[in-house]
Each structure stands twice: as structure tokens, then as C-alpha cells.
Amino acid sequence: MLATEQDKNRLITAYRVVQAGILATLVWKISFFSYANAIYNTIEISDSFFPDLLRSPSILRVSFLGATAATLLNMLATSNAVRKGCCITVMLGLSILCIHQGSYNDMTFVTAWWCATWSCWVSYRIDQDSHRTLLQKSAFLARAMISMIILGGAVGKWTGEYWSGQVLYDIYFVDRDFWLFNYLRDTYSEEELKVIATWHSRNVVMIETAFGLFYWLLGNRVAAIVGIFILCSIAIFSNFLLFSVLSCLIALSAVGYFASQPAERS
Amino acid sequence: MRPARHLAISLRRLIDWSKQDWSFCLMTVTIFLVVIWLLLTPLSSQIANHTMLRFHLQSRSFPIWAFQFPIPAMYNFANQYEVDDYPPGLIDPLFHDSQPRFLNHFPARCFTFADARGEYLRAGTNKWFTITSSYRGQKVTSKFHLKPSETLRHSEPHRQYEVIRISTETDYVATKN
């Protein structure tokens, strides 16, 4: 196989992996979304801050289902014209979800929006760049986006309430039904739990800060391994629902793996 | 390869790519601007206050609020909420039984998001929500009244609430954490 063809295959595979990540992000909490759908149909909140359209449950439903269907099609598409159309549809749907009254607070849609932006850019560049160059450029942009998103989490935690562990203690250690926190509550006293929460919180702040500031500087292969490992560990040790926020970022970090393959093989 | 040399080569390559491809340049600059905004948050009380007002759905206008959605905010700031059946301050603190709890981000989700609506608004009665966000000595407190609509009040199971913004207060505390 020619090197250029191999590069094209790698690029398309990386692109499809990211679509699979966005799809996982959108469907991970499907049971919650169907519950939300029922609630929004029966409990309506009239708040003049949001325009009428961005309070409508129908708009929420169409945006979510439209973005999900377009992502699935994007993953399977072989024509670049179809990919571009899907990317625009996904970006439109996710943009609405990011500012709708019923979904604005869910970071799932923000991380998916950044991954959709990456996808849109790649789909428009496929015909214009050499595939090898595009792989390198897209791997850099993927790292920069992940760095920025994690840095966003870190900066918000640079405050005393996180350093003391107060916030994470109340959110996770007091009553969260999750294997790790259930085990800790069964094993340690309240005072000991507070100390564990403090060091857990400090650990989170330091890892996110280092990740956010330096991840973009790593080489392709190292970045892929480090990104997948750290992002998976955040969900595994905190809350499996976080996979809905992180799946697309895990897939985006895998782009570095495809970009790190050797160039010349025929 | 030494880190400084690696960094120099990477930056050189970025500049070359940006010169050849305006769309790559635009993407990189957008990410860079978001990073600058984030890094200024602990240094500028205005940016921190702006973000807390964003969290409280109290930005100056909806377009200003909506424009900020790409800025990532996972588990940001110390956000607390408290839900009461009576207006805050009406009941003597001795008999006040609600406890403030922490939330990860966007604390107004305690009445806008599905799980919270299901928990607090299903009964169709008046509710008062107090939300606070604090960051490095700064604090914003907002109070909301969720008032059931008279017209639809008895049409079980459908509920309709009106959001009434009671107050928003910003405190600048001199001490830095």
C-alpha cells in the first residue's frame, strides 16, 4: 500500500474514532435524557432570560436526536460531502444544546461541541491538505483543545474551597452512591473521610493544572497514552456518568496515536 | 531532544502551518483566546465576577451569556444552593431546616435541570432558591422565587412555574485563598 493511502486510511480512522467518541458522549446518559424528556414535558419553567425557543422541550428533543443521528451518519459516511453536512448539523444541534434552558449546564455538550468543531475543520481540510500534514495538524489541535478544556476545570478549582476538599467532600464523599465512595464510607470515620477528601481534591487540582498547562506540548504518541489514561481514570475514580463528558475527549486524544505512525512504508 | 529545542521546533511548525492555512490559524487563535481568558480568571476580579454571574443566569443579556458557552467550566468555583418552602429570612433561623449543599457548576441548575425539577417542583408549590458561588474571596449570591402559575396550577401532572429574580449580591472579600 502506498504511504499516501496509508495516511489517508489513518486520517479517516482517526476521524471515525472521534465520531464514535462523540456518539458515546451523547448516548452514555440515554436513560437520564429520556427521564429529562418526561420531566420537561410536565414541569415547565418560564424564565424571561431565555428566548422562548430555547425553553421549548421540542427544540431540545430535535437538537439532541438530530445531533446524535448526524454523528452516527458521520461515522459511517464514505463521502466527504456527507461528512461536511453531518458536521454542520452536529455543530448546530450541539450549539443549541449548550444554550438551551434544559441542557446548558451539562458539560457533555460543551466537550462534544469542541470535538464537533475539530471534526468540522478536518472534514473541510481533507481535500486541501496532504493527509500526513493534516494528521499532524489535527493531532496538535486535538491536544490543544483537550489542554484548554482541562485547564478550564483546573482554573475554576484554584480556590480555597477546593484546596481544603470541602466541595468534593460534599459532592462525592457524603452520600454519592459509587463504588469508591461507598467503600470509603464503610471503611473510614467521618473525620478520616474529610482528610481523604482534602488530599483527593488537592490531587485533582494538581493533576488538572499540570495536564492543562503542559499536555499540548507532548509528542503525539505520548499524548495519546497520557490523555486516554488520565481521562479514563477521572471517570473510573469519580463517577461513571463522567464518561458522557469525557468519551469524546478520550477519542480526541487517540488522534495522536494515528498521527504517530511511521511515514514511509510501501 | 531537550525540551527547549522541542518547544522551538514545535512553535516554528505552528507558525508555518498558520501561514499556509488560515483555518488552522483561526482555530489555534480561538483556543489561545479561551486559554488567556481562563488564566486571567484568578487575576481579575471582573472576570471571576462575570463568570459567577454567568453561572447564576444573571449576565447582562442572553447573547452575552450565550457567547460564553465554549468556555469550559467543569467543577468550577465553590457553588452552593439552598431550597426553602418559605421566603428566605421569613422563618427564624432556629426553625430553619434546609441545609446548603455544594454543586459542581452552574448552580442555577438546582431548578432548571431535569433531576432538580423532578425533585423540587413536582409538588406544584412555591419554592425559594438561594444560590452562591465563591472564588478566591469573591462571592455572588442570588435569590430566586419559583412561583407556580395560577392558570395551570391544578392541571395535574402538568406544572408551570415562573422564575422571579429576587436579588443578586456581589461581595468582594479582601482575603485571598
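Where a number appears in this text, it was derived from the coordinates with a stated rule and is not lab data. Quick caveat: nothing in here was measured; it's all calculated off a predicted structure. Here the Cβ is made from the backbone with ideal geometry for all residues, glycine too, and neighbour counts use every protein chain on show.
Taking A:Tyr40 and the conditions (1) hydroxyl-bearing (Ser, Thr, Tyr); (2) more than 30 Å from B:Gln58 (Cβ to Cβ); (3) in contact with a Lys or Arg (Cβ under 8 Å, 6 or more places away or on another chain), which numbered condition does it fall short on, given that it satisfies the others?
With (1) hydroxyl-bearing (Ser, Thr, Tyr); (2) more than 30 Å from B:Gln58 (Cβ to Cβ); (3) in contact with a Lys or Arg (Cβ under 8 Å, 6 or more places away or on another chain) applied to A:Tyr40, the lone miss is (2).
Tell me which residues, restricted to the range A:109-160, are closer than 21 Å to A:Ile230 by Cα, more than 8 Å from every other protein chain (Cβ to nearest Cβ) and free of Cβ contacts under 8 Å to residues at least 40 places away in the same chain.
Within the range A:109-160, just A:Phe109 meets the criteria.
Which of the residues spanning the range B:32-53 are closer than 12 Å to B:Ile71 by Cα and surrounded by 19 or more Cβ atoms within 10 Å (Cβ to Cβ)?
If the condition is that a residue be closer than 12 Å to B:Ile71 by Cα and surrounded by 19 or more Cβ atoms within 10 Å (Cβ to Cβ), then B:Val34, B:Val35, B:Leu38, B:Thr41, B:Thr51 are the ones that fit.
Read through the list (1) surrounded by fewer than 24 Cβ atoms within 10 Å (Cβ to Cβ); (2) farther than 26 Å from B:Cys25 by Cα; (3) in contact (Cβ under 8 Å) with a residue 40 or more places away in the chain; (4) not acidic (Asp, Glu), then give the number of the only condition that A:Ile96 fails.
(2)
(1) more than 22 Å from A:Val205 (Cα to Cα); (2) over 24 Å from the mean Cα position of the chain (by Cα); (3) within 12 Å of chain B (Cβ to nearest Cβ): which one isn't true of A:Gly165, the others all being true?
With respect to (1) more than 22 Å from A:Val205 (Cα to Cα); (2) over 24 Å from the mean Cα position of the chain (by Cα); (3) within 12 Å of chain B (Cβ to nearest Cβ), A:Gly165 is out only on (1).
Which of the numbered conditions does A:Gln101 fail, given that it passes all the others? Conditions: (1) more than 27 Å from B:Glu82 (Cα to Cα); (2) outside any helix (DSSP H, G or I); (3) within 9 Å of another protein chain (Cβ to nearest Cβ).
Condition (1) is where A:Gln101 drops out.
Would you mind telling me which numbered condition in (1) under 15 Å from the mean Cα position of the chain (by Cα); (2) under 20 Å from B:Thr51 (Cβ atoms) A:Leu94 fails?
Going through the list (1) under 15 Å from the mean Cα position of the chain (by Cα); (2) under 20 Å from B:Thr51 (Cβ atoms), A:Leu94 breaks only (2).
Give me a count of the residues in the range A:28-62 that are in contact with a Pro (Cβ under 6 Å, 6 or more places away or on another chain) and more than 7 Å from chain B (Cβ to nearest Cβ). Reasoning before the result, please.
Residues of the range A:28-62 that are in contact with a Pro (Cβ under 6 Å, 6 or more places away or on another chain), as a first pass: A:40-42.
Next, from what is left, pick out any that are more than 7 Å from chain B (Cβ to nearest Cβ): A:41.
Adding up the residues that qualify gives 1.
Going through A:Leu94, A:Leu53 one at a time, which residue ends up being part of a helix (DSSP H, G or I), within 30 Å of A:Leu141 (Cβ to Cβ) and of a type outside the set (Phe, Trp, Tyr)?
Values: A:Leu53 fails: within 30 Å of A:Leu141 (Cβ to Cβ).
Going through A:Leu94, A:Leu53 in turn, the sole match is A:Leu94.
Restricting to the range B:1-50, what's the tally of residues that are at the interface with chain A (Cβ under 8 Å from one of its Cβ atoms) and among the hydroxyl-bearing types (Ser, Thr, Tyr)?
Selection size over the range B:1-50: 4.
Here is a list: A:Ala235, A:Ala259, A:Ala210. Which entry is of a type in the set (A, V, I, L, M, F, W, C) and in contact (Cβ under 8 Å) with a residue 24 or more places away in the chain?
Sole residue among the options that is of a type in the set (A, V, I, L, M, F, W, C) and in contact (Cβ under 8 Å) with a residue 24 or more places away in the chain: A:Ala259.
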